[in-house]
Amino acid sequence: MTAPAIAARGVSKSFGGVKALTGASIAVARGSVHALVGENGAGKSTLIKILGGRIAADEGSVETAGPSLRIGTVFQELTLLPYMTVAENLLLGREPRGRLGLIDRAAMPRLAEAELAGLGITHIDPRALAADISLAERQIIEIARVIMARPQVLLLDEATSALVEREVAWLFGQIRALRDAGVAIVFTSHRWGEITSIADEITIFRNGSDVGTFTTIGEDEAITLMTGQALETIFPARFAPSSGPVLLSLRGARAEGTAPLDLDLRAGEILGIGGLAGHGHRALFFGLFGAPGFREGRIEREGRPVRITAPWDAIRAGIALVPEDRKSEGLFLPLSVRDNFTLPILRQLSRFGILRLGAEHATVAESIRRLAVRTPSAQQPVGALSGGNQQKVLLGRWLLTRSRILLLYDVTRGVDVATKHEIYELIAGLAREGYAILFYSSDAEELAHLCHRVKVMRRGAFVAELPADALSAEAIVAAAMRESGQTETPHAA
Amino acid sequence: MRTLTVDTRRILYAIAAAIGLFVVGEMAHPGFLSGPSVASILVIASFVGLVAAGQCFVILIGGIDLSVPWVMNAAAILLTTTSLGKNTGAPEAIAAALGMGVAVGVANGIGIALFGIPAVVMTLAANGIVEGLTLGLSGGFTCSSCSSYAPPLIQTLAHGSLLGIPDALWLWAFVTALVSGALAVTRFGRATYALGTNPLAATLAGIDARRMTILLYALCGGFAALGGIMLVGFGGQASLGLGDPYLFTSIAAVVIGGVNILGGRGNYLGVAAGAVSLTVLVSVLLALSMPDYVRSIAYGVVILALLLAYGRENER
């Protein structure tokens, strides 16, 4: 290898006693793409932050090809200013000036539009507020902003987590063009298919250090290196759905931004919902949970019509929702594991409004055991747990409600492989016990392997239903994209 | 020994501050720590404590109630004008005063929860409206009945004692037990903390955020009215502006007591200690016989110093 554009040598970093990195090293050549893979907490994000100069290493050094190398970083957390427009965000700090040196506001959208078009982005309105565009669009703008600064080293931390296939293809096009122009690129991802399709080199991380760098490596071998143990398969073995009774039906149910929807969900089945982001999945799931409810149509619970206009109606009807964004929609991070578990079932755990703390303690202890939640105690603030364990607490909360219908909305996003595996096993086990599971995922591979059948949504309507024997990631993506390839991506408000 | 949580430490700080201030008072003015002196300071602190109990509820969900001063004042005037200083009308008068406080609180809650009006704006407007109504209906205190005294029953409650401990402190102890218990071991308490920590997640966990918000503001109005009733019992006669100092002290007691001003954290024991600290501070400054303006400055500086200490702790 020629002299690397950027390299880390024996880098260590601790955060208040927790070792995030211990003697990690990587070297990235000009004009190459270097993937960092590993479980959550393996130290990838920390290394990216150190390479980008955001934080300093405790030990070791970062060497660059030149003293004034331009390094651009796309962080895992989005950094757009929500109440500024897309154009204002893109041009922040380099706004066009008019006479008197004042900012030329009229020129900004045009300038931003031209720069975006230069990167092949034409479907995002530069006049829209950052808060009003979809998560995927925000991610794209975030990436575009960094690319526009013409970096010589580009660091991407989980930049594809919010993107669907077509947008990932766009990003990879950009990455290839930058690589060919001599840019050194480092990226992290949890999606194996993406990693192999773009990376020239792959470095695997485990427990804060690099355990090997490869030009080609199989997924099984990589997972073994990442976790330190062989995983036979990530997905649970297929099993036939029990042909239980229909627990939940929708008849002509229409939410904001969707067509009237029909659906039957049986006990013992995992019904997948697929499709590109922003095509009405969220409206369907949140509509079923009354947040807000459907505008018209019927919901039937075992054949009897039920009215669901608020979450407590849904909970009473035995329906549970695990949302995608566990930090803002699911959990109470500063509150204890116990408080997070029992909030919806406090009625059962109290008498005359006063909590029966003994019964609550027993219930929580049992849940921690059943779900193998790794926490020092039930009093631990849930925010101190790892992402995967947080997700288990959230799932466990709804299992406690004895809801038989589980709406799982992209529950494995940003969760590491080992915990994903545990969550899949848990979901499969619940289906075997007779739970009815409606499962949305932005990952088509996951839908194809876990679900008994998959309904694909496009523009707020079901456009295809794939039975078990026709299920594959390719089929799901094909159904989601059909006829929509040329048009702009619509997004539900 | 187990390490203490931030919450517990803050309560201990508030208690330590109260004790420290008592000691400073004794050094400045021997006799400050005598039984009657301490009892009278605690009685005055109890008025702050009652009002702060309500304020604590709304601040726990990230709200605030600025209508406290005139709800107190209106309750005091309502009590004296409807009872005309007689015990016979006292129960009805107390019910009317408390009912008025709860009604204003419900109105605040409705404005905030159903119409989405920011709490600062809603409760500030309510304060003005209640002030106007009180002045208008009482004729600006010119009518003969308005100069009535509080019923002897209430005056006894504010001045009397049982087993050597003032009645007002028994009442405060009862309220402290009730509020602390409600926050710690009831469904209501858990819902309050959940709502204050993450309103969206609380709603998605089945909590009726609107009903809880209205309920909490109603409680706040009720406690403000109770504070007004005790205050007029203590002073004997209602006066215009008697609630004014309690806007600042009720909020300061909550914050000194370790409740997060953004909601979700803290409990009433700390708030009670905060109420005592503030009252002792005023008494110490009085005992030091400072000029008025120095007292104001010292009061503000000490409160800022306390809050600065909390800010430091947050960074750890």
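Assorted remarks:
- So A:Phe235, is it in contact (Cβ under 8 Å) with a residue 24 or more places away in the chain, surrounded by fewer than 19 Cβ atoms within 10 Å (Cβ to Cβ), outside the structural domain of A:Ile147 (by TED's automatic domain parsing) and in contact with a His (Cβ under 7 Å, 6 or more places away or on another chain): yes
- Members of the range B:195-239 that are over 30 Å from A:Ser328 (Cα atoms), in contact with a Leu (Cβ under 8 Å, 6 or more places away or on another chain) and not in a helix (DSSP H, G or I): B:Ala238
- Among the numbered conditions (1) more than 8 Å from chain A (Cβ to nearest Cβ); (2) basic (Lys, Arg); (3) crowded, with 18+ Cβ neighbours inside 10 Å, the only one that B:Arg211 does not meet is (3).
- Residue in the range A:274-291 that is away from chain B (no Cβ under 14 Å), more than 24 Å from the chain's Cα centre (by Cα), in contact (Cβ under 8 Å) with a residue 24 or more places away in the chain and at negative phi present: no
- Test: residue in the range A:362-382 that is within 19 Å of B:Gly206 (Cβ to Cβ), at the interface with chain B (Cβ under 10 Å from one of its Cβ atoms) and in a helix (DSSP H, G or I): no
- Tally, over the range A:181-212, of residues that are modelled with pLDDT of 80 or more and buried (at least 16 other Cβ atoms within 10 Å of the Cβ): 20
- Filter result for A:Leu178 (buried (at least 16 other Cβ atoms within 10 Å of the Cβ), within 22 Å of the chain's Cα centre (by Cα) and hydrophobic (A, V, I, L, M, F, W, C)): no
- Residues considered: A:Pro292, A:Pro323. Of these, the only one that is within 30 Å of A:Arg374 (Cα to Cα) and outside the structural domain of A:Arg166 (by TED's automatic domain parsing) is A:Pro323.
- Qualifying residue in the range B:283-300 (condition: within 23 Å of A:Pro334 (Cβ to Cβ), surrounded by fewer than 23 Cβ atoms within 10 Å (Cβ to Cβ) and more than 14 Å from chain A (Cβ to nearest Cβ)): no
- Some residue of the range A:69-79 being of a type in the set (Lys, Arg), closer than 30 Å to A:Ile204 by Cβ and assigned by TED's automatic domain parsing to the domain that holds A:Glu201: yes
- Any hit, the range A:347-360, residues being within 12 Å of another protein chain (Cβ to nearest Cβ), touching a residue at least 40 places away in the same chain (Cβ under 8 Å), among the basic types (Lys, Arg) and under 22 Å from B:Leu195 (Cα atoms): no
- Which listed residue is among the small types (Gly, Ala, Ser) and loosely packed, with under 14 Cβ neighbours inside 10 Å, from A:Ala112, A:Ala106, A:Ala57: A:Ala106
- Looking at the range A:254-326, the strands (runs of 3 or more DSSP E) lying wholly inside it that each contain 3 or more residues that are touching a strand residue (DSSP E or B) at 6+ places or on another chain (Cβ under 7 Å) sit at A:261-266, A:270-274, A:296-301, A:319-322.
- Test: residue in the range A:333-344 that is under 30 Å from the mean Cα position of the chain (by Cα), within 7 Å of another protein chain (Cβ to nearest Cβ) and closer than 30 Å to A:Asp262 by Cβ: yes
- Selection of the range A:401-418 for residues being buried (at least 20 other Cβ atoms within 10 Å of the Cβ) and assigned to a helix (DSSP H, G or I) yields only A:Val417.
- Selection within the range B:19-67 - of a type outside the set (S, T, N, Q), modelled with pLDDT under 85 and in contact with a Gly (Cβ under 8 Å, 6 or more places away or on another chain): B:Phe32, B:Leu33
- Residue that is touching a helix residue (DSSP H, G or I) at 6+ places or on another chain (Cβ under 7 Å), at pLDDT 80 or above, closer than 22 Å to B:Ser67 by Cα and surrounded by fewer than 19 Cβ atoms within 10 Å (Cβ to Cβ), where the choices are B:Ile251, B:Ile261, B:Ile256: B:Ile261
- Qualifying residue in the range A:291-313 (condition: surrounded by fewer than 19 Cβ atoms within 10 Å (Cβ to Cβ) and of a type in the set (Ser, Thr, Tyr)): yes
- Unique residue being facing chain A (nearest Cβ under 7 Å), surrounded by fewer than 23 Cβ atoms within 10 Å (Cβ to Cβ) and either closer than 14 Å to B:Gly264 by Cα or hydrophobic (A, V, I, L, M, F, W, C) (or both) when the list is B:Leu183, B:Leu178, B:Leu200: B:Leu200
- Strands (runs of 3 or more DSSP E) fully within the range A:21-115 that include at least 3 residues being closer than 21 Å to A:Arg179 by Cα and within 30 Å of the chain's Cα centre (by Cα): A:33-37, A:71-74.
- Verdict on A:Ser350 being more than 30 Å from A:Ser442 (Cα to Cα), in the same structural domain as A:Phe289 (by TED's automatic domain parsing) and buried (at least 18 other Cβ atoms within 10 Å of the Cβ): yes
- Flag if B:Leu98 is under 18 Å from B:Ala238 (Cα atoms) and loosely packed, with under 15 Cβ neighbours inside 10 Å: no
- Being over 16 Å from the mean Cα position of the chain (by Cα), over 16 Å from B:Ile41 (Cα atoms), part of a loop (DSSP other than H, G, I, E, B) and within 14 Å of chain A (Cβ to nearest Cβ) is a condition met by at least one residue of the range B:264-278.
The values are calculated or read from the model by the stated rules, or taken from the named source; none is laboratory data. Please read these numbers as outputs of a predicted model, since none were measured by experiment. A quick note on method: Cβ atoms are made from the backbone with ideal geometry, for glycine too, and the neighbour counts reach across all protein chains shown.
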